[in-house]
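Chemist: Dumping the structure here so I can ask a few things about it.
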Amino acid sequence: MNVLILTDFSEVSDNAAKYAIDFLQEIPSNFYLLNIQDFNFNRTASNKLEHQLIDILEKLQKNAEELKYYSSNPEHHFNTSLSSENLIKAVRLAMEERKIDLIFIGTVSQKTHQHPILGDHAYDVVRKIKCNIIAVPAGCQYKIPKNTIFPVDSSLIPDEKIVQIMEESFYLKKTKFSLMEINDTKVIARNPEGQEKNVIRFKDLNYNFLEDIREKFDFIFIIGKNLNICDRFLHTRYGFSAKMVIKIPIFVYHQ
């Protein structure tokens, strides 16, 4: 398993890294810590740049050593990577070079970003990077995900495919999926293969309903192809209120 962890040395990204280790505690994994910097390569700034590079590389190495100490699995290995590319290009390059299977990213401030769950940068990764991604909210502590809410729009993805995704979910084998059909029509969706499914219209996604999800479930599973659902759950106008204390990880599934 090759895992990419995006880090900016903040408490949020440090927490996401520890969550990744706990989430994969029984799985042999190669973890790659990626930090992205906007370096000034002007010759007059060369001395400052050299010190900056040394400082960042030392921080990355320290993070890797701390995570190695944190992990109890001897088959967890930690590597570091520093990039001066823009976020999306840096992530894509890391995916290609390291053959990444799963990405972990922490959230940012709910009050200062358009997307209160993920923040603008993380939201960019979710929408533009075709890789399985787990977004870890600030302060989220790992626990085995027993109850997972799975919002779907079966007008875009057939029931058979939804069932296949659940059955082949390598990362969430022990969880109970509760399907929630989200659609703009009044048609009640079919219940695939006996799975529990609630039906809700987009316009009914409100504060009370989403807070109820937060209380009853410990994981949210979203198919990246369902762009409307991604937007409705992750955008400030339709998703969780900026006033909520968000502690539910979000798994964005890409094939």
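Chemist: Can you tell me which residue is modelled with the lowest pLDDT among those in segment 115-150 that are within 26 Å of Ile36 (Cβ to Cβ) and among the basic types (Lys, Arg)?
Modeler: The residue in question is Arg127.
Chemist: Could you please find all residues in segment 1-30 being surrounded by 15 or more Cβ atoms within 10 Å (Cβ to Cβ), of a type in the set (Gly, Ala, Ser) and touching a residue at least 60 places away in the same chain (Cβ under 8 Å)?
Modeler: Scanning segment 1-30 gives Ser13, Ala16, Ala17, Ala20.
Chemist: Hey, another quick one. Regarding Glu85, is this residue free of Cβ contacts under 8 Å to residues at least 60 places away in the same chain, within 22 Å of Ile100 (Cα to Cα) and either assigned to a loop (DSSP other than H, G, I, E, B) or in contact with a Gly (Cβ under 8 Å, 6 or more places away or on another chain) (or both)?
Modeler: yes
Chemist: Let me ask something else. Would you confirm whether or not segment 238-246 contains a residue that is small (Gly, Ala, Ser), at pLDDT 55 or above and closer than 25 Å to Val125 by Cβ?
Modeler: no
Chemist: Any idea which residue in segment 88-105 is surrounded by the most Cβ atoms within 10 Å (Cβ to Cβ), counting only those that are assigned to a helix (DSSP H, G or I) and in contact with a helix residue (DSSP H, G or I) (Cβ under 7 Å, 6 or more places away or on another chain)?
Modeler: Checking each candidate, the answer is Val91.
The values are calculated or read from the model by the stated rules, or taken from the named source; none is laboratory data. Given the structure is predicted, the values throughout are model-derived calculations rather than measurements. For neighbour counting, all protein chains shown are included, and Cβ atoms are generated from backbone atoms with ideal geometry for every residue, glycine included.
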